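Working notes, structure below.
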Amino acid sequence: MGRERLFNAAMLLALLAVPLLAWGLQEPFIITLATKVAILALAGVGLNIALGLGGLVSLGHAAFFGIGGYAMGTLASHAQNYEPLFSWPFLFEGSNQMPLIWLTAVLASASGALVIGALSLRTSGVYFIMITLAFCQMLYYFAISWSAYGGEDGLSIWVRNEMPGLNTLDPIQFFAVAFGVLCLALWFSARLARSAFGLALSAARQSEERVETVGLAPFKLRLVAFVISGPITGLAGALFADLNRFVSPTMLSWHTSGEIMIFVILGGVGRLYGPLVGAAVYILLEHLLGGISEYWQIFLGLLLLGMVLFARGGLIGAPVGSGGGA
Amino acid sequence: MTNPVLKVENLSKSFGALKASNDVSLDLRPGEIHALIGPNGAGKSTLIKQISGGLRPDAGRIEVLGRDVTVLDTVARARMGLGRTFQISSLAMEFSVLQNAVLGALGARGRAFGLFRNVMRDAALLETAHDALSRVGLQDVAQQRTADLSHGQRRQLEVAVALTLKPRLFLMDEPMAGLGASGSKELTGFLDALRQEAPILLVEPDMDAVFALADRISVLVYGAVIATGTADEIRNNPEVRRAYLGEEELA
């Protein structure tokens, strides 16, 4: 446990140090890469609550990522066109303020998670995977055909949204925002894993029968886990859209679901900092190998295969050793 | 005091042509140990499952503490005070022994939606958990991983988790299996005292333990109860001897 903590702290410091160094050397591209790592790690932290703690293999988390992205996209596009989203029953105007956009993203993806969770958690195993995937695909095709917000072409935002007191157009300041949110999410999920709820949820993953026998309902525990997990990934979606100043149906595609899951698995399922390590390795590989070959994902595939076959503890498990868990 | 804690009336359950429970009626009275015996495949596990809520009967009714629970699920019955131990240990294997006991205490509390406070520092839960563990003699291995426990220790932990629930009745499916002679004797003594706290419906293949402990015994053969009575009555019941005990005695 002690070694894993040390390793986690080192990873977080590295994520902070690299962009600071790049800032000093005036390499904004590297800062942007680090920001991307922080945001994608955040998406993984969300999924890890469902997948790692709850054992819920959701292949539909792109739905929440995309809902977050489109929450940002719709609010910001209305703000830049100076037209309200709707005026009845109350006036709802667009906004370019991150706090309000985040709140919308979190509420929208929490509602999405509640609906998707309530329906798909009645199944388990392969059926659960397929149903979450199906919901995600429904949203994907909905976004493609929703021409008011760009349809297939997606939606561009001219200027990055604002955070009170900061200049978000400055890469290092926007990185600080993303990094701050990631730290908060990591802190929260660490608390959650040790809480009464975390204990019960983790027990439901290990033995559903046991949890029922002590009088706790696994379905309720899992639904709450889903409604906590979804919004964290949704918040990451809003930040990701802000990073690119662009939202498109790709954010809702099942590739995105798969990528988020890869972050978690690469780092180590159920490991608190697994998504951070996974996202960092993914972006590094994409950046380094992507320059050499268009087919860099072959190497990612080999790495993933090796991980699953020989190192179930993920990349964190290798230096730290197995065990840990909740 | 004379109202039964558990009342099973005319319970039937079939799997295809197999009648796993055939018009079963039995009850559990306050302060008693009621043992359920029968040869392999007699339908003991199916009956236990129906009583605990994991399996819906085809016909008949089940009453716990005077309330009809036939349509209630496992969770609702556990909350009414039904404490169950499993034949095949059903524990959170990645957890420590203490964590499993704390989970039980959490279930007894009925709320598990605290998201921030460290559950393993909750004094009230820990007290309940430690108390239950020391009663079954597992206090020394409280920090051990459950997966590393011996088979017998897992059975003891099953009982400990049931204790944390402070149940109104126990449903124990082969709690002695794998305990060994001395462990089995210890648990026999423990259950003997436990019946004062809450009555026990006990399924146990260890005949010595059953005849030493049980106030009443029901014999299940081919899904049907062929006799219910005290140890002596069961021992001298010709039908029981023929169906079940006879082979040993004749040989």
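The values are calculated or read from the model by the stated rules, or taken from the named source; none is laboratory data. Everything numeric here is computed off the predicted structure, so don't read it as measured data. Quick reminder, even Gly has a Cβ in these numbers, built from the backbone with ideal geometry, and neighbours come from all protein chains shown. Note: accessible area is taken over every heavy atom of the protein model, side chains too, but ligands, DNA and RNA are not part of it. Shrake-Rupley method; radii C 1.70, N 1.55, O 1.52, S 1.80 Å.
Here are a few things to note about the model shown:
- If the condition is being closer than 15 Å to A:Pro19 by Cβ and not in a helix (DSSP H, G or I), then the range A:167-191 contributes A:Thr168, A:Asp170.
- Pairs meeting the criteria (first residue in the range A:64-90 and within 20 Å of A:Phe142 (Cα to Cα) and open to solvent by 40 Å² or more (accessible area, probe 1.4 Å), second residue among the hydroxyl-bearing types (Ser, Thr, Tyr) and not in a loop (DSSP other than H, G, I, E, B), beta carbons under 9 Å, at least 6 apart or on different chains) are A:Leu85/A:Thr74.
- Selection status of B:Leu98, facing chain A (nearest Cβ under 9 Å) and either closer than 30 Å to A:Gly52 by Cα or out of contact with any helix residue (DSSP H, G or I) (no Cβ under 8 Å at 6 or more places or on another chain) (or both): no
- Residue match in the range A:144-156 (condition: among the hydrophobic types (A, V, I, L, M, F, W, C), modelled with pLDDT of 95 or more, in a helix (DSSP H, G or I) and closer than 29 Å to A:Gly54 by Cβ): no
- When we screen B:Arg109, B:Arg61 for residues that are more than 8 Å from chain A (Cβ to nearest Cβ) and either within 26 Å of B:Thr2 (Cβ to Cβ) or at pLDDT 95 or above (or both), the only hit is B:Arg61.
- Out of B:Gly31, B:Gly81, sole residue that is in contact with a Pro (Cβ under 8 Å, 6 or more places away or on another chain) and either more than 14 Å from every other protein chain (Cβ to nearest Cβ) or farther than 30 Å from A:Arg194 by Cβ (or both): B:Gly31
- Tallying residues that are among the small types (Gly, Ala, Ser) and either open to solvent by 60 Å² or more (accessible area, probe 1.4 Å) or part of a loop (DSSP other than H, G, I, E, B) (or both) within the range A:302-323 yields 6.
- Residue within the range A:154-163 that is more than 20 Å from A:Met261 (Cα to Cα) and of a type in the set (Val, Ile, Thr) present: yes
- Condition check for B:Leu169: within 15 Å of the chain's Cα centre (by Cα), away from every other protein chain (no Cβ under 13 Å) and not acidic (Asp, Glu): yes
- Checklist (1) within 20 Å of A:Asn161 (Cβ to Cβ); (2) in contact (Cβ under 8 Å) with a residue 40 or more places away in the chain; (3) surrounded by 18 or more Cβ atoms within 10 Å (Cβ to Cβ) applied to A:Gln97, failing item: (3)
- Residue match in the range B:139-159 (condition: facing another protein chain (nearest Cβ under 9 Å), in a helix (DSSP H, G or I) and under 29 Å from B:Val5 (Cα atoms)): no
- Residue that is touching a Leu at 6+ places or on another chain (Cβ under 9 Å) and farther than 30 Å from A:Ala22 by Cβ, where the choices are A:Thr132, A:Thr123: A:Thr132
- The range A:170-202, subset within 16 Å of A:Ile31 (Cα to Cα) and either touching a strand residue (DSSP E or B) at 6+ places or on another chain (Cβ under 9 Å) or within 14 Å of another protein chain (Cβ to nearest Cβ) (or both), residue surrounded by the most Cβ atoms within 10 Å (Cβ to Cβ): A:Phe174
- Restricting the range A:203-236 to residues that are under 27 Å from A:Val247 (Cβ atoms) and of a type outside the set (Gly, Ala, Ser) leaves a set whose member that is nearest to the other protein chains (Cβ to nearest Cβ) is A:Ile228.
- In the range B:164-186, the qualifying residues are those that are touching a residue at least 40 places away in the same chain (Cβ under 8 Å) and assigned to a helix (DSSP H, G or I), and the one that is farthest from B:Pro4 (Cα to Cα) is B:Glu186.
- Among the residues of this structure, A:Ala50 does not count as one that is surrounded by 18 or more Cβ atoms within 10 Å (Cβ to Cβ), touching a residue at least 24 places away in the same chain (Cβ under 8 Å) and closer than 23 Å to A:Asn161 by Cβ.
- Among the residues here, B:Glu197 does not qualify as farther than 22 Å from B:Leu171 by Cβ and either free of Cβ contacts under 8 Å to residues at least 12 places away in the same chain or over 15 Å from the mean Cα position of the chain (by Cα) (or both).
- Contacts under 7 angstrom Cβ, first residue in the range B:98-113 being over 21 Å from A:Ile228 (Cα atoms) and outside the structural domain of B:Ala129 (by TED's automatic domain parsing), partner open to solvent by 10 Å² or more (accessible area, probe 1.4 Å) and assigned to a helix (DSSP H, G or I), 6 or more apart: none
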